[in-house]
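Below is one structure, written out as structure tokens; the observations come after it.
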Amino acid sequence: MSSELIHRNQTREYQPDNPRNTDSSSSRHNSPPQKSRNMLRDRAPFLLIGIAISTLFFHFLPSLQHHHDSSFIQTELTLPTRRVLLEEHGSTRNNEDERKGRVPLAVGLKNKKNKRVLITGGAGFVGSHLVDRLMERGDNVIVVDNYFTGRKENVIHHIGNPNFELIRHDVVEPILLEVDQIYHLACPASPVHYKFNPVKTIKTNVVGTLNMLGLAKRVGARFLLTSTSEVYGDPLQHPQAETYWGNVNPIGVRSCYDEGKRVAETLAMDYHRGAGIEVRIARIFNTYGPRMCIDDGRVVSNFVAQALRKEPLTVYGDGKQTRSFQYVSDLVEGLMRLMEGEHVGPFNLGNPGEFTMLELAQVVQETIDTNAKIEFRPNTEDDPHKRKPDISKAKELLGWQPSVSLREGLPLMVSDFRQRLFGDSKGNGGKGSSAA
């Protein structure tokens, strides 16, 4: 029985005479070659077209590549090159790599007439006058200020101008902007203000300067630091030249400002030598003019405000300590020449005309009130006895020197203070800057 079943199964599986099995087997063995031939015949035109396109592409590729390379080289040759002023000759490969890592500015921005200028502390006394000059020149100006000593009123006449932008920001915190030049003025400059929060003052000088130098490095901007004559401390050299290293008390009540500015100069020069940043350093001596803070503790603003209020003029010490006073327009001119010039500095920017405190009080009496009284008080700690700039370097290399005398500039400041104190229509606080 089992052998019969096996025989039947084998017979069912193999039947050579069955025409269906023969056709199926023939179809199974013959269909793939037939399909391949049909496929090749149908796609042959497309293959020929592809070969032709490839031949044409590779035939013209060298000429296209050559044209692209020559255009690229020509473009590179026409791009402006950044000139880096280094105090020491030569640069290392690491410095070159760092410079290549900067964020590139759009083509042509370095050559355009109207620059993009950032002014930190631009709503302050000096900064707002600098804004006026740059806006008059046609630049695009960005002001960054936290309004600790600056006032929005100082720049409000520019709001609405498409070339002007005002940002409320503290430079202790980083900020990213694309600019061509940075004027770094942000820092309280009067004893009343920088002693109010000495830790904040030195943070502004150190961390704020680091942030602005980092921004200059990132976007390839030129950086101008407004330092101060206070880096000379209570000087043992008179007048003070830029080569004098100073006599500063590093732990005194004024050191947050004095030493802070000295550190800021160090940082600027380190970025200049180490990272190739284009740096400019200005050491500013006593400056006066419209928009000064009325009660900032500086001697000119003190005397003018006291005389206008019919108060005694307070002279600290014996009144024989000397200062040099420059009008704000002279300072702004010096800062702009320094920024646009070829020299790093530092440069003394001040008026070498020297006055004792008693002589200054007499000039204020003559200008405002001849009957104003003078009151003597104990001198403040670490107050310099003499201060007079040697501006020979600025004269020679910048072609700069002050042109406004104290007796010419003081009435403009008095007019501004009178208007702000009493709302006197004869005051011309806004116009004082135009005369600057």
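Answer yes or no as to whether Asn351 is of a type outside the set (Ser, Thr, Tyr) and over 16 Å from Phe285 (Cβ atoms). No: the conditions fail for Asn351. In the range 398-414 there is at least one residue matching the filter, namely being farther than 23 Å from Met269 by Cα, of a type in the set (Asp, Glu) and either surrounded by fewer than 18 Cβ atoms within 10 Å (Cβ to Cβ) or in contact with a Pro (Cβ under 7 Å, 6 or more places away or on another chain) (or both). Every test in (1) in a helix (DSSP H, G or I); (2) at pLDDT below 95; (3) in contact with a Lys or Arg (Cβ under 8 Å, 6 or more places away or on another chain); (4) not aromatic (Phe, Trp, Tyr) is passed by Lys203 save one, and that test is (3). Within the range 114-136, the set of residues being surrounded by fewer than 18 Cβ atoms within 10 Å (Cβ to Cβ) and within 18 Å of the chain's Cα centre (by Cα) comprises Asn114, Arg133. Restricting the range 362-376 to residues that are of a type outside the set (A, V, I, L, M, F, W, C) and closer than 13 Å to Asn302 by Cα leaves a set whose member that is surrounded by the fewest Cβ atoms within 10 Å (Cβ to Cβ) is Glu375.
Every residue, every condition in (1) over 30 Å from Glu136 (Cβ atoms); (2) aromatic (Phe, Trp, Tyr); (3) modelled with pLDDT of 95 or more, yes or no:
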site	(1), (2), (3)
Ser324	no, no, no
Gly334	no, no, yes
Met339	no, no, yes
Gly345	no, no, no
Leu360	yes, no, no
Glu366	yes, no, no
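Of the residues Gly345, Gly297, Gly319, the single one that is assigned to a loop (DSSP other than H, G, I, E, B) and in contact with an Asp or Glu (Cβ under 8 Å, 6 or more places away or on another chain) is Gly345. Taking the range 182-200 as the search range and keeping residues that are outside any strand (DSSP E or B) and among the aliphatic types (A, V, I, L, M), which one is modelled with the highest pLDDT? Among them, the one singled out is Leu185. Among the residues of the range 377-397, those identified as over 25 Å from Met339 (Cβ atoms) and surrounded by fewer than 14 Cβ atoms within 10 Å (Cβ to Cβ) are Arg377, Pro378, Thr380, Glu381, Asp383, His385.
Which of the numbered conditions does Leu225 fail, given that it passes all the others? Conditions: (1) part of a helix (DSSP H, G or I); (2) crowded, with 21+ Cβ neighbours inside 10 Å. Single failed check for Leu225: (1). Filtered by the rule that a residue be touching a Lys or Arg at 6+ places or on another chain (Cβ under 9 Å), farther than 17 Å from Gly334 by Cβ and crowded, with 23+ Cβ neighbours inside 10 Å, the range 262-291 gives Ala268, Ile277, Pro290, Arg291. A Cβ distance below 6 Å, combined with a sequence gap of six or more or placement on separate chains, defines the contacts here; from the range 109-120, residues that are at pLDDT below 95 reach residues that are surrounded by 13 or more Cβ atoms within 10 Å (Cβ to Cβ) and not in a strand (DSSP E or B) in the pairs Asn114/Asp139; Lys115/Asp139; Lys115/Asp180.
Tyr194: buried (at least 24 other Cβ atoms within 10 Å of the Cβ) and over 10 Å from the mean Cα position of the chain (by Cα), yes or no? Here the answer is yes, as Tyr194 does meet what is asked. Taken over the range 232-264, the criterion of being more than 21 Å from Glu396 (Cβ to Cβ) and in a helix (DSSP H, G or I) is satisfied by Ser255, Cys256, Tyr257, Asp258, Glu259, Gly260, Lys261, Arg262, Val263, Ala264. Checked across the range 381-394, the condition of being at pLDDT 90 or above, more than 29 Å from His184 (Cα to Cα) and part of a loop (DSSP other than H, G, I, E, B) holds for no residue.
The values are calculated or read from the model by the stated rules, or taken from the named source; none is laboratory data. These numbers come from a predicted model, not from an experiment. So basically every Cβ, Gly included, is an ideal-geometry build from the backbone, and we count neighbours across all protein chains shown.
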